[in-house]
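Read through the structure below, which is laid out as C-alpha cells, and then see the notes.
The values are calculated or read from the model by the stated rules, or taken from the named source; none is laboratory data. In this text the structure is predicted, and so the values were computed from the model without any measurement. Here the Cβ positions follow ideal geometry from the backbone for every residue, glycine too, while neighbour counts run over all protein chains shown. The accessibility values were calculated without ligands, DNA or RNA, using every heavy atom of the protein model including side chains. Shrake-Rupley method; radii C 1.70, N 1.55, O 1.52, S 1.80 Å.
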Amino acid sequence: MKIKACNANEPAWKMLTVKGSIPAQLQKLDELAHNMWWAWNHEARSLFRHLDEKLFDECGQNPVLLLERISYEKMANLAKDEELISRMNKVYANFREYMDVEPDHKRASVAYLCMEYGLSPVLKIYSGGLGILAGDYLKEASDSNVDMCAVGFLYRFGYFTQTLSMDGQQIANYEAQNFSSLPIEQEKNPDGSPLVIDIPYTDYYVHAYVWRVNVGRIHLYLLDTDNDMNSEWDRSITHALYGGDWENRIKQEILLGIGGVLTLKKLGITKDVYHCNEGHAALCNVQRLVDYVQSGMGFTQALELVRASSLYTVHTPVPAGHDYFDEGLFQKYMNRYPELLGISWDEFIGMGRMNPDDHGERFCMSTFACNTSQEVNGVSWLHGEVSKKMFAGIWKGYYPEESHVGYVTNGVHFPTWCANEWRKLYAKHFDKNHLFDQSNEKIWEAIYNVDDEEIWETRMKLKTTLVNYIRQQFRDSWLKNQGDPSRVVSLMEKINPNALLIGFGRRFATYKRAHLLFTDLDRLSKIVNNPNYPVQFLYTGKAHPADGAGQGLIKKIYEISQRPEFLGKIIFLENYDMQLARRLVSGVDIWMNTPTRPLEASGTSGEKALMNGVVNLSVLDGWWLEGYREGAGWALTEKRTYQNQEYQDQLDAATIYSMLENEIMPLYYARNAKGYSPGWIKVIKNSIAQIAPHYTMKRQLDDYYSKFYNNLRDRSQLLRKDDCRLAAELAQWKEEVAQHWDEIQVVNIERNEKLVNGSIDAGKQYDIRVTINEAGLKDAIGLELVTLMTDKEGVDHIYRVVPFQMVAVDGDNYIFEGSHSTDNAGIFKACYRIFPKNENLPHRQDFCYVKWFV
C-alpha cells in the first residue's frame, strides 16, 4: 500500500464560549463595568487601568472586555491584593452614593429619542456631533438627577472606522461589535427569556431585542433587529448608522419612532414629555396617537394630548438636510395607520407636507414632527432664527419673526470633556460647588487668580500628551501609507509641541469648508515655515461614504500635506472619534472652525476646547455668534461681503491668514523670560472666565427644563385633568371653528378715507372700526392689523402688529376697534388678519387658521 504524503480531513470546529470568572472579592468591578458612569469618572477609569494597563489599552479601554480577558491566574492574584480591594471599595462607595438617590420629581419626566448616542468610543452607536450631544445630554441628566430615559439603536456595525489609502482616499471599514463584551445588559421577561418588541411593517412584524445601557442613573434602551426571528432584509435595519438606501432609512425611522414608543409601553414606562431629537424619531407621535385613539378617544382630542407633551429639536439648518420620502414608499410601510387613527390617507400624509393638498410633495419627517409637537427648537440663537424661516411654510399666515420656534444653544458635558489636568486645576482654585453650579460666572472668574505659569504648564503638559499620542497611535498607519519609513520618522520628528498648534476636526461636509485654509498655498507655506513663529495644523474628520465631495476634500488636504513644504506642518489624522477628539480639544492651542454662514446649526467641538484652555478661531456662526467675546478668541464676521461663494471663501481665507500673521502668531510668541506669553495666557483666562460658564451641558439641560419641559408637563397635566375634559373641549372648539371658518365674513369697515386710498401721514393715528360676522361662533376670533416693511433684498418683515379690541356684540356680529399709525415715512404694506382666539391655546401656530382682508 502506498502511503500518502498527507492524509487529514477538514476539522469541524465547535464554537466554545469561555466566560471569565470574577472572584467574589472583586464582584463589584463587574457592576461598575456595566454602568457607563466610569466613562466620566476619572477614579473609576483609573481603577480599571490599574488592573492591567497594557491590556486595558488593548481592549480599547473597555472595562467589560478587560474583565473577560484578564487571565484566571491574574484575577486570583488581584483578589488577594488588599490595596486594590480597598481602592475598589472606595470607588464603589462613591458610585453607590451617586446612584442611591431618588430623582428630582419637581422637574418633568422625559422620554428622549435619538438615532445615535456618543457615550464612549467603546460603544459604537454614534457618528458625530448629534450623537455626542445626545450622549452628553444623558450624562448630564444623570448628574442632575432628573427622571429621564432614552431610546436608540444597538448597531451591529455602527458607523465606519476610517483609514486612508496611500493616495489619501478614504476607506470605510465596518467592524462588527460583540454585544457580549459591551457595557450593556439585555432586557429579559420575568421567565428569563429575552424581551422582544414586535413592530408592524406593512403586512408583517419586525422583532427587536432590547438592550439597556446604564448611563449613571439614566437608562438608555437600544433596539436590535439582528436576530434569527427576522429575515435577512430586516436583520440589517440596525446594522449600520445612516447606511443603506431610502427604504432602509424609513425602516429605521419606523423602528426608532414607533418601535421606541412600543418599547417604553412594554417596559411600563410613561413620561410627561416626549423629546424627539431630530426628525428621525418623528413617527413616535404616530404610535402615541394610535394608543390614544384605540383607548376610545377621537383623533382631534388625541392630537391635543400628543402635541401638548411633545418637543421636537431640529439640528439641520437647510431644508435639503431633512428626511423626505416619496408617497409610494411611505404608503408601502404606513398604509395601515390612517384607519387606526380614524382619518383618511390624504389627511395622514398631509401632516408631513408643508402644502397638505400637494400630492407631488414628499412626506417630510421634520414637517410631521412640527405638526405633532407643541414646541419646536433650534440648537443656537441663530439656528432658531434660521429654523423660523425654514419652517415658515408650515404655519402659513404668520411671518418668521412671529413663529413660536425657540432655541436652546448646545453645550458640552464638562466632566467628560475636561482633561484631568484641568479638572485638578479647577478643583484646586474654584469653589467646591463648581460642578453643581457650572453656569455661575463668578465661580469661573477665579481663573484670573491662577498663576500664569500654572496655566502655561497645564497647557504644555497636554500638548506634549497630544504629540506623544499622535506618535504612538498613528505610527503604524503612517508606515503603511507613506511607504518610506524614513519619511515617517521625519514626519514624527517634525511634530513640535513648542509650535503653535491649530486643530480642525469635524465631519467633512463641504459647507464646513475644510478647504478654506488652502486657498492660497504660497501664503500658507510662508506661515507654516516661518522660522521665528512655527505653526502646525492638525486636521481630522470623516466624510459620509456617499459624500464624494467630502471625500474629495480629505484627499485634497492629504495630498497637500505630503508636499515637501507642508510635510509635518499640516497633518491629517485618520479615524476621528471620541478618543482622538479628547486629545485634540485639550492639546492644541487654537480650535479653528470655518463653516459657510449660517449653516453651522451650533457646533460643540469649540465648546469642548474652551473648557481646556484652548482658544477659538471661528466664523461667527452657531454657538460662536453668541459665545465670542473680544479678547477671548478670534472671530470672522457673520456678514457676507459677496454672494458669490468662491469670492467669499477667498476673502475669509485672506482674513484668517491676516489674523494669523498679524495678531495670533506674534501674540503667542511674545514670550517672557519664563518661556510663555502673558498676553496669550490672558486670552485663555478671558475665554474660560467669560465664555465657558455659558456652554456646559448643565446649562443646556436647565434651559430645556425652564423653556420647554416643565411648561409642557404643566399644560399636558391640565389637558388630562378630569378625564381629559379640557382636551376634549379644546378639540371640539377647534372642530367647530374649522367647520365655520369659511363662513366668517367682514360686514363693515369704518376708517379714514386716507387709509382707504393707501396714503397716510407719519406719526398720525387713524381710528378703525370693523364688524365681523362670526357665523354662529361665540367670540372665537381675534383681529389685528399687520404692517410690513420690505428690506433691500425684497424680503418682507413685520413692522408693527396692532391688536383690535372687541367692543360690542350684535347677534353673530362682533365689533372690533383699533388704530393704525406709522412712525416713519416710506412704503409699507398693511392688511387685516383674523385668527382663532382661545386662552387655552399655547400659541397661535397651534391652530393655524388665518383669514386676511384689506
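Here is how the numbers come out for the structure above:
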{"read-out": "Residues located in segment 618-635, provided they are buried (at least 24 other Cβ atoms within 10 Å of the Cβ) and touching a residue at least 40 places away in the same chain (Cβ under 8 Å)", "value": "Asp621, Gly622, Trp623, Gly627, Gly633"}
{"read-out": "Residue among Lys54, Lys28 that is in contact (Cβ under 8 Å) with a residue 60 or more places away in the chain and assigned to a helix (DSSP H, G or I)", "value": "Lys28"}
{"read-out": "Residue match in segment 500-520 (condition: open to solvent by less than 20 Å² (accessible area, probe 1.4 Å), more than 21 Å from Thr596 (Cα to Cα) and of a type in the set (Val, Ile, Thr))", "value": "no"}
{"read-out": "Residue identified as in contact with a Gly (Cβ under 8 Å, 6 or more places away or on another chain) and charged (D, E, K, R) among Glu600, Glu663, Glu638", "value": "Glu600"}
{"read-out": "Top-ranked residue of segment 242-266 - restricted to ones that are farther than 30 Å from Asp143 by Cβ and open to solvent by 10 Å² or more (accessible area, probe 1.4 Å), ranked as modelled with the lowest pLDDT", "value": "Gly243"}
{"read-out": "Residue, most open to solvent (accessible area, probe 1.4 Å), within segment 639-655, restricted to residues that are of a type outside the set (Asp, Glu) and modelled with pLDDT of 80 or more", "value": "Gln650"}
{"read-out": "Test: residue in segment 740-763 that is within 38 Å of the chain's Cα centre (by Cα) and over 30 Å from Asn612 (Cα atoms)", "value": "no"}
{"read-out": "Elements of type strands (runs of 3 or more DSSP E) in segment 753-851, at least 1 residues being within 21 Å of Trp741 (Cα to Cα), in contact with a Phe, Trp or Tyr (Cβ under 7 Å, 6 or more places away or on another chain) and touching a residue at least 12 places away in the same chain (Cβ under 8 Å)", "value": "766-773, 781-790, 805-810, 813-820, 829-836"}
{"read-out": "Members of segment 362-388 found to be in a helix (DSSP H, G or I) and either among the hydrophobic types (A, V, I, L, M, F, W, C) or modelled with pLDDT under 95 (or both), listed by number", "value": "Met365, Phe368, Ala369, Cys370, Trp381, Leu382, Val386"}
{"read-out": "Residue under evaluation Val146, criteria (1) over 24 Å from Thr270 (Cβ atoms); (2) in contact (Cβ under 8 Å) with a residue 24 or more places away in the chain; (3) out of contact with any helix residue (DSSP H, G or I) (no Cβ under 7 Å at 6 or more places or on another chain), criterion not met", "value": "(1)"}
{"read-out": "Residues located in segment 120-147, provided they are closer than 15 Å to Val101 by Cα and either of a type in the set (Ser, Thr, Tyr) or not in a helix (DSSP H, G or I) (or both)", "value": "Ser142, Ser144, Asn145, Val146, Asp147"}
{"read-out": "Members of segment 180-216 that are of a type in the set (Phe, Trp, Tyr) and within 25 Å of Ala33 (Cα to Cα)", "value": "Tyr209, Trp211"}
{"read-out": "Residues located in segment 218-241, provided they are of a type outside the set (A, V, I, L, M) and open to solvent by less than 40 Å² (accessible area, probe 1.4 Å)", "value": "Tyr221, Asp224, Thr225, Asp226, Asn227, Asn230, Asp234, Ser236, Thr238"}
{"read-out": "Residues (in contact with a strand residue (DSSP E or B) (Cβ under 8 Å, 6 or more places away or on another chain) and part of a helix (DSSP H, G or I)) located in segment 535-558", "value": "Gln551, Ile554, Lys555, Ile557, Tyr558"}
{"read-out": "Residue, nearest to Thr822 (Cα to Cα), within segment 758-781, restricted to residues that are polar (S, T, N, Q) and open to solvent by 60 Å² or more (accessible area, probe 1.4 Å)", "value": "Gln765"}
{"read-out": "Segment 507-519 residues that are closer than 23 Å to Tyr159 by Cβ and in a helix (DSSP H, G or I), paired with ones that are of a type in the set (S, T, N, Q) and open to solvent by 10 Å² or more (accessible area, probe 1.4 Å) (beta carbon under 9 Å, 6 or more apart)", "value": "Thr510/Thr596; Tyr511/Thr596; Lys512/Asn593; Lys512/Thr596"}
{"read-out": "Helices (runs of 4 or more DSSP H) contained in segment 61-117 and holding at least 2 residues over 30 Å from Ser127 (Cα atoms) and open to solvent by 50 Å² or more (accessible area, probe 1.4 Å)", "value": "72-78, 82-99"}
{"read-out": "Residue check for Leu435: open to solvent by 40 Å² or more (accessible area, probe 1.4 Å), of a type in the set (A, V, I, L, M, F, W, C) and more than 20 Å from Pro534 (Cβ to Cβ)", "value": "yes"}
{"read-out": "Subset tally (residues that are of a type outside the set (D, E, K, R), under 21 Å from Arg249 (Cα atoms) and open to solvent by 40 Å² or more (accessible area, probe 1.4 Å)) for segment 332-349", "value": "1"}
{"read-out": "Residues of segment 470-480 that turn out to be open to solvent by less than 30 Å² (accessible area, probe 1.4 Å), in contact with a helix residue (DSSP H, G or I) (Cβ under 9 Å, 6 or more places away or on another chain) and either modelled with pLDDT under 70 or farther than 17 Å from Phe537 by Cβ (or both), as a count", "value": "0"}
{"read-out": "In segment 217-228, the residues that are outside any strand (DSSP E or B) and within 15 Å of Val110 (Cβ to Cβ)", "value": "Arg217"}
{"read-out": "Candidate set from segment 285-329 (those that are aromatic (Phe, Trp, Tyr) and over 26 Å from the mean Cα position of the chain (by Cα)); member that is farthest from Gly350 (Cα to Cα)", "value": "Tyr292"}
{"read-out": "All positions within segment 559-574 that are of a type outside the set (Ser, Thr, Tyr), in contact with a strand residue (DSSP E or B) (Cβ under 8 Å, 6 or more places away or on another chain) and open to solvent by less than 40 Å² (accessible area, probe 1.4 Å)", "value": "Ile560, Gly568, Ile570, Ile571, Phe572, Leu573, Glu574"}
{"read-out": "Failed condition for Val747, given (1) of a type outside the set (Ser, Thr, Tyr); (2) buried (at least 16 other Cβ atoms within 10 Å of the Cβ); (3) in a strand (DSSP E or B)", "value": "(2)"}
{"read-out": "Exclusive hit being within 30 Å of Gly675 (Cβ to Cβ), of a type in the set (A, V, I, L, M, F, W, C) and open to solvent by 30 Å² or more (accessible area, probe 1.4 Å), set Val588, Val489, Val528, Val535", "value": "Val489"}
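One line per residue, one yes/no per condition, for (1) open to solvent by 10 Å² or more (accessible area, probe 1.4 Å); (2) under 26 Å from His404 (Cα atoms); (3) free of Cβ contacts under 8 Å to residues at least 40 places away in the same chain:
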{"position": "Thr300", "(1), (2), (3)": "yes, yes, no"}
{"position": "Leu303", "(1), (2), (3)": "yes, yes, no"}
{"position": "Ser309", "(1), (2), (3)": "no, yes, no"}
{"position": "Val314", "(1), (2), (3)": "no, yes, no"}
{"position": "Gly321", "(1), (2), (3)": "yes, yes, yes"}
{"position": "Phe330", "(1), (2), (3)": "no, no, no"}
{"position": "Met351", "(1), (2), (3)": "yes, yes, yes"}
{"position": "Phe363", "(1), (2), (3)": "no, yes, yes"}
{"position": "Ser380", "(1), (2), (3)": "no, yes, no"}
